[in-house]
Amino acid sequence: MTFEEFFVKKKIDLSLLQQRDETLYAEFQSHYAQMGEKSFDHSKKFWFNRLRKDFLLVDTVPKEVKPTIVVQEQPVAAVKGADAEVSVPTKAVGFKPRFKAATTKTVESAPVEEPSKEENSAVEAKPTTSAPAGFKPRFKAGVTKAAETDTSNSSV
């Protein structure tokens with residue numbers, strides 16, 4: 001990209017800049033030749049807004065105007081008849097989630113078999129209550145040792 005094309009891209013009128021401030025134009029031209037496009041753009045980017053304000057490049061070619069289609073709306077009552085009742089669809093009001101919430105799966109209990117008399121005595125020794133499925137205790141009661149008191153240091 002040439003020096004002139006760069007300033008056209010930045011929408012700055014280079015000929016007007018050269019007429020009004022020859023030293024700045026010469027400085028920019030030498031820096032652009034030394035640095036290249038990207039380095040020049042990065043190092044001088046704070047200059048461009050002010051230069052664009054002072055030396056705005058006016059496009060000689062007007063931009064293509066897209067044709068707009070104008071549609072005149074007729075009242076609904078006039079279309080259906082004067083006596084017809086107009087019903088306007090209402091939009092549902094309220095919160096509508098974007099996704100369905102995860103449902104918890106319930107565990108179906110299997111039929112419990114009656115243990116024999118020998119197994120029955122073993123079952124009575126163990127408690128039948130169980131913790132919820134997702135609960136894991138962080139420690140087990142009775143597993144941790146109590147801190148022992150040191151009596152040898154207290155006889156000083």
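The values are calculated or read from the model by the stated rules, or taken from the named source; none is laboratory data. Please read these numbers as outputs of a predicted model, since none were measured by experiment. Reconstructed Cβ throughout: ideal geometry from the backbone, glycine too, with neighbour counts over all protein chains shown. Calculation scope for accessible area: heavy atoms of the full protein, side chains included, ligands and nucleic acids excluded. Shrake-Rupley method; radii C 1.70, N 1.55, O 1.52, S 1.80 Å.
Of the residues making up region 19-38, at least one is among the charged types (D, E, K, R), part of a loop (DSSP other than H, G, I, E, B) and either at positive phi or surrounded by 13 or more Cβ atoms within 10 Å (Cβ to Cβ) (or both).
Scanning region 39-77 for residues that are modelled with pLDDT under 90, over 20 Å from LYS11 (Cβ atoms) and open to solvent by less than 100 Å² (accessible area, probe 1.4 Å) yields PRO75, VAL76, ALA77.
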